[in-house]
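All remarks here apply to the structure that follows.
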Amino acid sequence: MALNLRQKQTECIIRMLNLNQPVNPSGTANEEVYKILIYDKFCQNILSPLIHVKDLRKHGVTLYFLIDKDRKPVHDVPAVYFVQPNNPNIQRIVADASRSLYDSFHLNFSSSIPRPLLEDLASGTSNSDSIHRISKVHDQYLEFVTLEDNLFSLSQKSTYVQLNDPSAGDKEIEDIIERVVNGLFCVLATLAAVPIIRCPRGGPAEMVASALDQKLRDHLLSKNNLFSEGGGFVSSFQRPILCIFDRNFELSAGIQHDFRYRPLVHDILGLKLNRLSVPGEKGGMKSFELDSSDPFWMANGSLEFPEVAVEIETQLNKYKKDVDEVNKRTGGTAGAEFDGTDLIGNTKHLMNAVNSLPELTERKQVIDKHTNIATVLLGEIKERSLDAYVKKENDMMVRGGIDRNELMSVLKGKGTKIDKLRFAIMYIISSETINPSEAEAVEAALRESEVDTSAFQYVKKIKSLNVSLASANSASRSNIVDWAEKLYGQSISAVTAGMKNLLSGDRQLALTRTVEALMEGKPNPEIDSYLVFDARAPKSSPGTSSSHLKGPFKEAIVFMIGGGNYVEYGSLQDLAQHQQPAKQVIYGTTEILTGMEFVEQLSLLGQKMGLGSSSAAASATH
């Protein structure tokens, strides 16, 4: 039973647009009921990758507005609200109802609405004598953004900074963990799956896993729970595994340069919600969508950039050949005698040609789009020597270091400030031991290029703290206070553990290799210490489990707390496809970050710790 998150979320949204009535067999909402859709910014982002504006018409939606915009009354029409359950939205709904903006209000909250807010809604609408306008209130459990069949994001910004902030108190950490747990619960509710949860001990991963386990247990106690009706999994022996990790498990994947098409497009052109803008050939900006409706993107996203360029060329030649073929068949032969049979043959060819035109036009649009994108990418690659960054970073990770002259030549060569900073951080992560004079030379080279060094110093600091604390790294660190106190000890311990694995030479991500081991479920020293949670089993001490919880698993959901990226997504999809028989891996994260965005978060943490360019001289003496 495949887990199709995108399809399930789309179905929930269409049902919501159909005023939460069952949908027609054709899969569309009832068109005859005209309605207005009101959403907030967050829910607009949920809708945007799944439903196009033209599709809204099919479901009877004639007008759509952001909730905080001023709107005029529209009588005799129901309004479908799709918003996050928060105080400003509740106040706005009460105001809309009291002004009788619409005939009836169908309220859909992206996650479960807390009781105090529900009470505010009830008292607000009854005070203004408009409670009769509220037709229904639904908790939709849709608070996540699905970008591809196997890719989702909770769109929770700066989680990495908030979790690693030295000044964060217990309450703040608990709130962040709760937000992540609620988002993951929405994903599982949409899939109607109760997974077996595995995670490393200590840190945010364990905190999220145990809180999610508790939430699932509490929920499963209620009779009409969200997991009973979609219970294909209840009886089936095969349940999915949910592997939870924290960004510090493998810091390098968030920073490194990558030469595959999908990560390259995201990192350089800033793919957001499956859309991007690039300079067009005739000036001005062009916007493109890259999603499952684009066959080239789906087929070639995981190829290295040079292979993509060759593939574009191949597709273009194939297209030209097909166009010539059509022209040849419809053009008739010059100077031939005209007779009736030829006319019948020609008419047939003409019909075929007319029928094949839409498909040819569509193919040409896709080819033109990717030619445009590839041209812009090529310009950036040449200008910034990105191929050299990719190669040298890979070499560093495999060899565990780099020659000093080579290191300095990269830092003084081509590339943006952020490229150099990312390279310097990769040098720190990949070096088994840090040579102080070399690190100072790197820092000086960065300052010479006017780069803010706070991110570099932050990683250097937690790496050095980690080396000294590695021996004291006990496995019993589960409560928040304990964890917050020893935060920096935990921070990169898994990263350095990951390093040793990376020195094997084949450069598979530590994350991918760990997920593979967890899905296989065979005894393996790398994962034997991982905790196991099963909300359907009687509660025992965490980490102990019966053998059926060990796998093997056909389906996995991998979740990265603190920011994920297309490098990891691509690596996990490769893993799933190369398994015999093929398996399914869904990848999710708190937010999807480019290398630059993640390094900015590291810089912020460096500044919070008093590191950075301004205090560079002071910190160099420590």
Problem - In region 401-417, the residues that are crowded, with 19+ Cβ neighbours inside 10 Å and at pLDDT 90 or above - result: 410, 411, 415
Handout entry: region 184-229, subset charged (D, E, K, R) and within 22 Å of residue 517 (Cβ to Cβ), residue most open to solvent (accessible area, probe 1.4 Å)
Key = 201
Handout entry: Residue count, region 43-58 (criterion: in a helix (DSSP H, G or I), within 17 Å of residue 275 (Cα to Cα) and touching a residue at least 24 places away in the same chain (Cβ under 8 Å))
Key = 4
Exercise for the section: Return the only residue of 366, 376, 398 being closer than 19 Å to residue 256 by Cα and either touching a Lys or Arg at 6+ places or on another chain (Cβ under 8 Å) or surrounded by 14 or more Cβ atoms within 10 Å (Cβ to Cβ) (or both). Expected result: 398
Completion exercise
Contact list, first residue from region 373-387 and part of a helix (DSSP H, G or I), second anywhere and open to solvent by less than 30 Å² (accessible area, probe 1.4 Å) and modelled with pLDDT under 90, beta-carbon distance below 9 Å, six or more apart or interchain, is 373/278; 375/278; 376/278; 377/278
Completion exercise
Taking region 426-455 and keeping residues assigned to a helix (DSSP H, G or I) and touching a residue at least 60 places away in the same chain (Cβ under 8 Å) leaves 426, 429, 430, 440, 443, 447, 454, 455
Practice task
Please find, within region 236-270, the residue that is nearest to residue 304 (Cα to Cα) out of those that are out of contact with any Pro (no Cβ under 9 Å at 6 or more places or on another chain) and either of a type in the set (Ser, Thr, Tyr) or surrounded by fewer than 20 Cβ atoms within 10 Å (Cβ to Cβ) (or both).
Solution key: 261
Problem - Any chance residue 408 is part of a helix (DSSP H, G or I), among the hydrophobic types (A, V, I, L, M, F, W, C) and more than 15 Å from residue 256 (Cα to Cα) - result: yes
Practice task
Return only the number of the condition from (1) within 17 Å of residue 590 (Cα to Cα); (2) under 20 Å from the mean Cα position of the chain (by Cα); (3) not charged (D, E, K, R) that residue 173 does not satisfy.
Solution key: (2)
Practice task
Mind listing whichever residues of region 106-123 are in contact with a helix residue (DSSP H, G or I) (Cβ under 7 Å, 6 or more places away or on another chain), without any contact (Cβ under 8 Å) to a residue 40 or more places away in the chain and open to solvent by less than 20 Å² (accessible area, probe 1.4 Å)?
Solution key: 107, 121
Problem - Filter pass, residue 96 being outside any strand (DSSP E or B), among the charged types (D, E, K, R) and open to solvent by less than 20 Å² (accessible area, probe 1.4 Å) - result: yes
Exercise for the section: Give me the pairs, please: first residue somewhere in region 147-163 and without any contact (Cβ under 8 Å) to a residue 60 or more places away in the chain, second residue anywhere and surrounded by fewer than 20 Cβ atoms within 10 Å (Cβ to Cβ), beta-carbon distance under 7 Å, and either six or more positions apart or on two chains. Expected result: 162/168; 162/172
Problem - Flag if residue 103 is open to solvent by 30 Å² or more (accessible area, probe 1.4 Å) and under 31 Å from the mean Cα position of the chain (by Cα) - result: no
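The values are calculated or read from the model by the stated rules, or taken from the named source; none is laboratory data. Everything quoted here is computed from the prediction, not taken from an experiment. Cβ sites come from the backbone with ideal geometry, for glycine too, and all protein chains shown count toward neighbours. These accessible areas exclude ligands, DNA and RNA; they are computed on the full protein's heavy atoms, side chains included. Shrake-Rupley method; radii C 1.70, N 1.55, O 1.52, S 1.80 Å.
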